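What follows is calculated from the coordinates using simple rules that are stated; it is not laboratory data. Just so it is clear, the model here is predicted, and its values are computed rather than measured. Cβ atoms come from the backbone with ideal geometry, glycine included; neighbour counts cover every protein chain shown.
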Amino acid sequence: MKDFDELKSIWSGQQISHQINFEDLKKEIKSRKKAFGNKLLLEVTGMSILSMMLIGIAIYGDFRLWSSQLSILVLLVACLYYIGSQISHFKYIQKDDSFLQKPTEYIVYLKHYKNKRFLFNTTRYLIFSITATIAFTLYLIEFYFFNPIWHSLLALIFEIIWVVFCWKIMKFYREREQQSLTEIIDSLEKLQTQFNSTEEA
Amino acid sequence: MVDKEVVFQDIFKANSRKIFHLCYGYTGDKNTANDLMQDTFIKVWQNLDKFRNQANVSTWIYRIAVNTCLSWLRTEKRQAKDELNEKIIDTQPEVTSDKHAQVAQLYKCIALLEENERILITLVLDEVPYNEIATIAGISEGNLRVKIHRIKHKLTDLYNRYERL
């Protein structure tokens, strides 16, 4: 039979130690910072190039109907929305010091954060899908009036496939994310109960 | 920058062992504990300026470590408690002496506690003062004492029960 003091002496005599040295840690800090910055830069640069191309097409493209130019504008708005949301998310991460909160508050924060991210991701995808569909539809008008009928039919088939694809992907994403979110929220609620019971003790 | 690195190195040297124990006690897995410890110190580095004027830097670091452990499930699909305990038994290093066996046994028993109990007891075992643990956990010292009293009994019972087997 051992008492707690004996357990404490077992604990203090343990040889188990971490495998991280300071130099490796410094390297990891630099590489993570670089990787995150590169990812953001790549996404924003890609979207910016696409936006510039769209502006170029809108100005120099040989469109016969204003609806086609409007379709380009709609796509441009979608790209700018994406860039804006990425930058605001980056700023949010930079400022975030939530992990300095008390554990009970932090658990509440995690629950809100999870829900917010889910809503943000699904909303962002929905907005992108809708704007792209609107843009294709607007461009389809010019196709219908100035191209052979089979071109229009092909374009229509493409758009139908696009809508079905977006809907299916969205459904799959929502279901998968929702399941994982529910599991995480359940675990967080369990943790919150544990910490709250500490308060009540 | 050099000054920041020196401060960070000192903080790392002074706290890394205890932070590792906390993460290991919470997750029951050495590799995951290493990852969580690394994440904790990366957050410390990113917020070093906020620590400069704090009276007790270790309290802040512990709180970051606790919250990093709590958010482990944010990125990692955690295993059920039973599976976790099985993993601890399987992944313990080759038991070469009684001392190692006792430490392994102790970690196994800690894994049987609830998450918040694991966090509190590892801090107690590492002799972090009660007032500091209360600040880290964000509860009153009185409540903490009651809770710790209960966890100490629970852990001792578990340990003795396993030792008899």
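Distance from the alpha carbon centroid of region A:133-201 to that of region A:84-119 works out to 22 angstrom.
Estimated at 0.36 nm per residue, the fully extended path between A:ASN115 and A:LEU156 surpasses their Cα-Cα distance by 11.1 nm. About its Cα centre, the dipole of the protein assembly as shown is roughly 480 debye, where the only charges are +1 on Lys and Arg Cβ and -1 on Asp and Glu Cβ. With both labels modelled 7 Å from their Cα along Cα-to-Cβ, the A:VAL164 to B:ASN31 distance reads 4.2 nm. Full extension of the chain between A:PHE145 and A:ASP5 yields a length gain of 41.6 nm, computed as 0.36 nm times the residue separation minus the alpha carbon distance.
Taking other C-beta atoms within 10 angstrom as a stand-in for reagent exposure, A:VAL77, B:VAL103, B:VAL66 fall in the order A:VAL77, B:VAL103, B:VAL66, fewest first. Shape analysis of region A:69-201 places it in the oblate category; the axes a ≥ b ≥ c from the Cα gyration tensor give an a/c of at least 1.5, with a/b not above b/c. Checking the Cα-Cα distances for A:LYS8/B:LYS147; A:LYS2/B:LYS152; A:LYS39/A:LYS168 against a 22 Å cut-off, the pairs over it are A:LYS39/A:LYS168.
Among B:THR59, B:THR68, sorting on how many other beta-carbon atoms sit within 10 Å of each Cβ, with the fewest leading, yields B:THR59, B:THR68. Here each label is just a point 7 Å from Cα along the line to Cβ, and for A:LEU65 and B:SER140 those points are 7.3 nm apart.
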